[in-house]
Structures are given as structure tokens and as C-alpha cells.
Amino acid sequence: MHTRREHLAAIVTILPSIILLGIFVYGFIANSIYMSTTDWGQTAAMSLDPQIESVGLDNYRDLFTGFLNVRFRQDLVNMFFFTLLFVGLSLLVGLVLATIIDQLFWGETFFRTVFLYPMSLSMVVTGTIWRWILQPRGGINVLPTLIGLPPGKFLWLSSRDQRLVFDWSHLLHYACWVLLVVLAISAYSQWRQGKKGRLAWHLVICGVLAGLIASRVLTRLRLLPYPEMHGFNDALWGVVIAAVWQMSGYTMALYLAGLRTIPSELREAARVDGGSELQIYRYVDLPLLKPITASAIVILGHIALKIFDLIFAISSPDHYPTSMPAVTMFLKAFRGNELAVGSAIGVILFFIVSLLIVPYLIVSFRREE
Amino acid sequence: MSSGKTIRVLAQILAVLLAMVYLVPIYMTLITSLKAPAEINVMTAWALPSKAHWASYGVAWERFAPNLQNSFVLAISATLLSAIMGSLNGYVLSKYRIPGGKVALPLIVFGMFIPYQSVLVPLFRFMQQTRLYGGLPGLILVHVVYGLPITTLLFRSFYQEIPDELVDASSIDGAGFWGIFRHLILPLSGPPFLVVCIWQFTQIWNEFLFAVTLTKPSSQPITVALANLAGGQAVSWNLPMAGSVLAALPTTIVYVLLGRYFVRGLLAGALKG
Amino acid sequence: MKRFCLLTAAFCVVLVATLAVAAAAAPQGKLEIFSWWAGDEGPALEALIALYEAKYPEVTVINATVTGGAGVHAKAVLKTRMLGGDPPDSFQVHAGQELIGTWVVAQRMEDLTWLFQEEGWFEVFPEDLLALISTDEGIWSVPVNIHRSNVMYYIPENLKKWGVEPPKTWDEFLAIAPSLQEQGVIPLSLGENWTAIHLWESVALSYLGPDKYDDLWEGKLSWTSPEVVGVWELFGRILEYTNPDAPSLSWQQATDMVVAGQAAFNIMGDWASGYMSVTLGVKPEEGYGWAPSPGTEGVFMALSDSFGLPVGCPNRENTIAWLKTIGSKEGQDTFNPLKGSISPRIDSDLSKYDVYLQSAARDYQSNRIVGSLAHGTVANERFMNDFATVMDIFLANKDPQAAAYAAQAVAIQSGLVK
């Protein structure tokens, strides 16, 4: 169908991109992985010819079990909760905004612009502005006084309160809980779709997990020799609000485009069948928006996992409750001169991001075939 | 239908309320940028300035003006280059079966997800060795390369929707690789080009990490100048706020004027991303 | 439309290429100064550069400033450049371990003993200071200013109103703090993490005394010893009288609290005096008062910004001229009044400085000098980076024993304790 000449032209066209990405992405990552297995970062890290020795996986082991790396472990917990809240709320708020805009009498352009413009700002600007707004002393907490109520008392970014406090040593035990919840939801969806075979597997694994949890056998396996408490830091709410403010315009635009592509015949048919507007929304519109949700989760997810500029601008670089792995990586490498450890954190980040992205890539590309 | 009307009225009210919430940060930025430094205090953060202190904008503009040119050159050229290359890549990956083609797209897209910090040191050394460090051409190259995954993805998703029969018909008519691209694909590429250009322009204009580590002072873009306003031991907040407003103007204008096309472009199939 | 886009792209590439070529063909005789001074500190550096350019008109000075992130961005840029073998001609760095522990041990700096001898600086810089900025192998940077860390600020009028006097020891502070709280005043205002370290070092100095404080940094006093645990305990008690929203506040906002009458005292370096005088318009003595932080009378905790001579810098002769300029009496007395710091030279012309700085200079010339932790004089960067972690853990759980162990671990890992 295509001539050889055309095929050749195609290959030549795409080759530069492949080569460039090969170097700039894969080459540099390989370099990072190599660096992370060395001890670069001891005394004379900055010499032109540093004495570097290979230490295998020591850096990784130290990050997860070292006494001083409690900050890194807290970063991981923060990252987990932040990603959940940020992605979830962005999707929800975006959907609500899109639905509202779709139903407006007038001013669509105006409102759409108002909700969309935060995307045009850099995260540094967003962080700086919200840092001011979230000041416990004079920012948002002052607003209730405008209508005669007492001022707010929440410390926002300065808060050191924690919820859902758990012991890192028992992480595997809690991981089982999380897996159980995820699988239960998935099992429910399999049941709704009538896939009996898959459902059986799900139930078996759920059973095993439930057994592990009930018997508390995993709590015997301590990841650390001492208890180390972590939890969801209330201070993260401030960061989540700023981030959702910035990115909800994106999900809104996606959902708006999605809502507009739904063929009116489908809606008409449902209306003829006697459905109310709300029912049409729930049973016609929402299911058709699922692919959008999936791709939005991937985009927002990877932004959340790598978040750096926003945290740096919105709070101090050394504030635990809002710290994230990318920030710690930057500080370790460039302020503490521990370049190998910084690379290790980078590799871990990369690995976590891959966990999110690779399944999505596989599923979406397999679906195309 | 009255329930439909009620919903629409409700939507209207909610929209107004939410818009006020979304505009709060801009209000805060604007009033702080117009206050004299001595007046800026956390306690009076919400109060309007006693007298508009426009000097901050003057100072910010003075500091920014050289960097503004850098930012424009950087953002425009990197956006255009990455868009063009992305478009070509998307064309190849959607319409041609080449060896390794199935693996190529996931490998390219994967490049979108790396944290920039983890490649900073090797990237720097590479730029150093190829003598590209310090100037705009190097920074443009970096942004083009790291922009390739998303632009390729967006274009490919869009081009997938173009029926293969049209391509075959063109091919039979004697149009070669470039002919098909110029006469068939390109004319249809308006919407994805707009989405890609808007997205890339914003990302590159606002990017800080590479901007600060890979340039020498004469080539620094505006994000670095903005950080310089807010740095140091003694910060008078009116300057960074004024600076933020100025720095955000181009991208905000892009979104205000072209926002409709952004949505339309997403509508037209760049959605699949 | 597409052709237009292609043309624009081509045009941009050509434009950029031309700019690059033009930049490369610039005249010889350059000097690239790398710093993180900006905002209100900019004029001081610019005045110094103007002085240099007047003396050496054929040299073009490139003022490469990178600010933001509390100096981290500047460090990232500097380190990527140094690692890539492209050092600036000279860079701003805190004199002492921040320089020594990172660059000197990596053999990236030239020894400046010969320059100090040539310029007669051994006679004009105090011995305590020289001890802090040298190692057995030599002297590594030229200090251009001295800031004092252990200063306590207050508004005298407000103190009269509240019926308290500036405390001379921390015990006095702890005694008057409850009465201040009852009157709705925060006894001691505090800002984000690094200001807590800044406060900690004053507390440590007063609790340990200057000799034991020095021992701590020479590895002679263990971080888990009862004295040091005592520092953390005292620090914890003091923290109870600080504002709970400290992590959200910059150091200026903590100073604002004192000026606005919401807080009684604030411990900060003497850049706060510049902030109050210049930005807030509150005059020294008439408007605000100061004293050495409680328990540190007679000791001057110093930090110093300085410039060194990197090995392999592109314009070595120009850089040496720069170092001579900044170390000269004229240079320092031009720079420091604008910066809000004092000259490290004991022959400085004090008439050029304001009331506060004159008092600071008098203390400098008569007091015992020790180095600051928070500002890089006594501990290397790895220690400081990890110590910030220890501090934040302590701020969260207030456990002195845990902090002591953690600090000892940090000290061992960063090479402070052999």
C-alpha cells in the first residue's frame, strides 16, 4: 500500500525524535540509575574527579530503613495522599464546572475563561499567591469576620496535625487494607458486568487479603526496628486546594468537550423513554465520560507525583507536613551534596510514576488493536 | 421543562459564586502589587491599598524587559518546533507501519513522565560537552525534546481519526509521503495544532528548573527574573506580585483569547490522550 | 498558515543563532560574579561592582544573580556548573565550613594566604574570624561583610506598656513570658524552619557558653552529652512561647509582628535592623531597640559573606583584582552601609554606618567571636541539610532525647565527628 520509498521517508522522519529521546530520556535515566548505585556524595563530592565507589542498593536500603530518612518516608506518604485528593477533587470539581457551564443561560465564554485561566499561571506563581491567602494570621481565616463570625482557627499550611496515623513498620499490613478496598471495588464492577470468571479470582484474592489482615500476621514483619508514626497531614489541604484551583480548568475543558460530543440522539432517546434530566445525566452522560476520566487521571496523576515548584513556593523547603519526594531529592542533591542519594530518590519517583503510567499505556494500546 | 429551567438557574447562580472563589487569588495578587512595601502586612492582606502604588510595575518591568525577549524567543520557537516535529511523528505513527512502530509510541510517550530533577546533572554535563550550555539554543533544544512525547501523542490521537481510505486514495493518486502530509494531513491539523501550541507555550513559558540551571544571565527567561524578585533576604512583596502579573500576562491572554479553541481542539479528537 | 509557521520557526532559529554568535564574540576582559543577592541587597553589590569598574574600566563585569528558594536555586546552578567544569570567576559563599566542607575539600578553591599577606589583611581581620575561615592548609575566601546572628529586637515603647524589660538570660525570659501571654502578646515571634535553627543557635550559645559551643563544632563535645540535651530541653520550653503559625511566616513577617505590637521579642540577624530602618521606616533607638540574645552578652556570633578564587576560573587576574577590591577598606565601607552589615576589618570607617551598625561594630571589635550554624560558618552543607530535618522533627514532637540522637547521627554522617 505504501511504497518502499514512502516507508523509508517515514523512518527517516521519526528517527531524529527517537534518537533525541533515546539520549535525553533513556540515556539520562540510565545514568541516574547508575549514579544511584554509587556513593557519590561523600566528602569531596564536588571535585572535578570525584572518587566514586559502587555501593549497590545501599542508598535504597537507607532511604527506606535509615533512621534519618524519616523525611523521605513522610514524603512518600504525603505524595500518596496528595495524589489521591488532588486527582479525585480535580476530576470532581472539573466535572461539576463542566456541567454548570453546559447549562448556563449566558456568559459561557466569561465563566469558562475564569475557570480556565489558572492553568496559564506557573506553579511558582500559584504557590506564592496561595501562600499568602492561606496565612493563618491574615488570609482566609479573616474572611468569616466580614460577615460577623469569629475568625477561622485552622492553621492551614502550618498545621502539624495528623490523621489516619499509622506505624511505618506495619506498612505491609496497611497496604493489604488498601489492596482489599481496591479489589473489592473492582470485584463489584466485575459483578455488574457479569464477568463471572474474573469475579471468582477477585473474591479469592480478597479472601486471602482479609485473612492476612484479620490474623495480623503481617504485623510481625517489622520494616523498621522501632515504631515510626506517619499519617495524613492536615497541612496538605492547603496544597491540594491550590493545586485543584490551578488544574480544575483542565478537567473542566476535557469534560466540557466530552459532554458536547455526546450525540443528542442518545439524550433524546432517553428523554422519550421518560427519563428525568438527572437520570439522563447519570446513566447516559457519565458513563460516556469514562475514557476522559481515565486519561485525565494519568495526566493529573503524573503531575501530582512529580510536584515540586508548587511545594517550593507555597511552603518552606524544610516543612515536613508538606514535603514531597521531588523536593527532598532536589535538596539532597544540591544543598546537601548527596548526589547519589538524590539520584536514588529520582529513580524511585520514576518507578512509582511508571507504575501508574505503564498499565494505562498497555491497556489503551491493546484496546486499539 | 421546568426542571430543566430550575437546573439552569441553579447553574447560573453556582457559576457566579464559583467564579468569585476562583478570582480571589487574582484579587489578592492585584491589591498586593499595588501596595507600597511598608503597607504590606499579613494582617491587612485583604484590605485595598490606601493609594495605588504603581511604581512596583515600573520596577518589575524594568527588571523583566530583557528577559521578556528571551522568554518570547524561547517559547515561540520551542513551541513551533516541537509542534511541527510532533505533527510529523504523529503522522508517521498513525499512518505507516514501520518496524518497531508498535513499540515506538509507548516508548516516546513514556518520556513525558520523567521527573526533570532526576536528569538535571547528566543533562547539564551533556549540554556542557556539546557546547550548548548557557544560551537559548540549548534551552530551546531541551524544551523541544521534552515536548516531543506530548505533542506526538496529541497529534497521533488526532490523526488516527482521519480515515485510512483517504490516505490510500491520495497514495493512489500519486502523492508520496510528503505529498500526503502537505495536501491531506496538514490542512486538517488546525485544531490539534492549536491545542498543542497553547499547551506547549504555557508549559515552556512557565518552566523554571531548566531555565535557571541551563542558562547564563543574558539568556535567562522571565521565570528566573521573577524568582529573583522574590528572593534575597529582604523581600518586599509588592514586587513579586507585580512581577507575577506581568509574567502571567502573555499566557493569560493566550487562554482568554484562544480558550474556546482549546476546548474545540480537545473536542475534535485530541481527547484520547 | 502552515507555511507562515514554518517561516516563523526558521526565522526564530536564525535569530537565536545570531544572538549566540554575537554573545560569543564579545570583548575579552570579563569578570563573572555569581551571587544570590537580589531585591534590597542588590544595590550594595552594584555599588561594589561600580567601584571595581572605576578602577578597572577595561573589564566587563557580569552580575550573575540567582535568587529564590532561600539560596537553594543558586546552589543548584553553581553546583551544576562546577560539576560540569564551568566555574564562574567568583561566587558568593558563606565563609567557613559552607565553603570549606563543599569546595575546599574537593580541591576546587585556591589558597589565598599569599593574598592576605600581600594586602596586609592579617592585621585587619580579627583572629577569631581568621580561625573560622581557614584550615590547616590555608585561607580560602575573602570576607566582604559580617552579620551578627545573636541579636534580640524589641520595641521599647511596647515593652514599657507591657511592663517588662529585655531579658538578660533565658530564665528571665521564661519568667516574664507568661505575663506577656496573659496580655495577649506572643512573647517571642518565630518564622519558618531556618529561623528556628537561627533561634536554636542563640539558645545553644547561651546554654553551653562560647567554649563548649566551639567544642561542639570541633567534634569535641558529643551531641548526646547531657549539656546538649539540655539545650534541646530549654529550646523546647522557649518554643512554647512562640506563635503556632510560625512555619507560614517568613523572617520579615516575624519581625512585622514585633513592630505591630503582636509580639514582644524576635531573635534575628542584623539584616532585620536594615529591614526595620529602611523598609518599615522604624528608626534604631527611637523606634526599635536591640540587645544580645539572652545569655550571650559579650559574644558575637558571626556569619560572613565572602568570595573565593575557584581553581580554573576563566579570568584569574580579573578575579584577583576583584578580591583585592572587596577586601579593601574602601570596598567594604562602600558595600556594607548599603547592605546593612558591618565590615570585617577593624579599621573600618564607622562614620558611614547607622546607629545600630556602629553598635554592632563596637561589639565585633571587643567581643569573643563564634560562628553561626544556620548560616554556614561552623558546619558543612551536608550537616546543615540534615540538621534541618532534625529541627523539623523536633518542632513536631518536641522530644529532646530523640533530637540529640538524630543530631549525633547527622554529625557522624557529615564528618563533623570523626
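Just so it is clear, none of the values below were taken in a lab; they were calculated from the coordinates. This one's a predicted model, so the numbers in the text were calculated from it and none came from an experiment. Note that we place each Cβ from the backbone using ideal geometry, even for glycine, and neighbour counts take in every protein chain shown.
Just a few scattered comments:
- Shielding by partners - mean other protein chain Cβ count within 10 Å, residues of A:20-33: 6
- Computed over chain A with a Gaussian network model linking Cα atoms closer than 10 Å, the most mobile of A:343, A:264, A:90 is A:264.
- Couplings 3J(HN,Hα) of the stretch A:230-243, computed from phi: 10, x, 7, 7, 4, 4, 5, 4, x, 5, 4, 4, 4, 5 Hz, in residue order, whole Hz [Karplus 6.51 cos²θ - 1.76 cosθ + 1.60, θ = phi - 60°; x for Gly and Pro].
- When only alpha carbons are used to place a centre, the stretch B:116-150 and the stretch B:37-84 end up 26 Å from one another.
- Reach of residue B:35 by Cα under 23 Å, taken over lysines that are not fewer than 8 positions away in the same chain: B:51, C:283
- The listed peptides C:149-158, C:345-354, C:262-271, ordered by packing as a protection proxy, come out as C:262-271, C:149-158, C:345-354 (highest mean of other Cβ atoms within 10 Å first).
- For chain C, size of Cβ-based charge dipole, Lys and Arg +1, Asp and Glu -1, in debye: 1200
- Chain A: most fluctuating residue of A:281, A:255, A:117 per GNM, C-alpha cutoff 10 Å: A:281
- Residue mean of other protein chain beta carbons inside 10 Å, B:86-96: 4
- Karplus 3J(HN,Hα) series, Hz, for the stretch C:214-224 with 6.51 cos²θ - 1.76 cosθ + 1.60 (x for Gly, Pro): 4, 4, 4, 7, 8, x, 8, 10, 6, 6, 9
- Centre separation in Å (Cα based) which lies between the stretch C:149-209 and the stretch A:53-103: 38
- Chain C - mean residue ellipticity at 222 nm from DSSP helices (-39,500 (n - 2.57) per run, n ≥ 4, rounded to 500): -15000 deg cm²/dmol
- Sorted fewest first by neighbouring Cβ atoms within 10 angstrom, A:170, C:198 come out as A:170, C:198.
- Whole-number Å³ per residue for the convex hull built on Cα positions in the protein assembly as shown: 188
- Given charges at beta-carbon only (K, R positive; D, E negative), |dipole| of chain B in Debye: 220
- Helical segments meeting 18 Å axial Cα length and Kyte-Doolittle -1.0 threshold in chain B (DSSP H): B:2-33, B:55-95, B:136-160, B:190-206, B:238-267
- Pairs from the list C:55/C:352; C:79/C:339; C:75/C:352; A:290/A:332; C:75/C:168 with a Cα-Cα gap above 30 Å: C:75/C:352; A:290/A:332; C:75/C:168.
- Nearest-20 debye value, the protein assembly as shown charge dipole, Cβ charges on Lys, Arg, Asp, Glu: 4700
- Mean projected area (nm²) of the alpha-carbon convex hull when chain C is viewed from all directions: 24.0
- Chain B: relative contact order in percent, alpha carbon pairs under 8 Å with at least 6 residues between: 31
- Equivalent-ellipsoid semi-axes for chain A (Cα gyration tensor, √(5λ), whole Å, largest first): 37, 30, 27.
- Principal-axis tilt of helix C:329-339 within chain C, Cα atoms, nearest 10 degrees: 60
- Within the stretch A:130-207, the trypsin sites (Lys or Arg not before Pro) that combine a DSSP coil assignment with at most 15 other C-beta atoms in a 10 angstrom radius are A:153, A:195.
- Inter-chain Cβ neighbour average for residues A:193-206, partner chain, 10 Å: 0
- Gaussian network model of chain C, springs between alpha carbon atoms under 10 Å - residue of C:389, C:319, C:377 with greatest fluctuation: C:389
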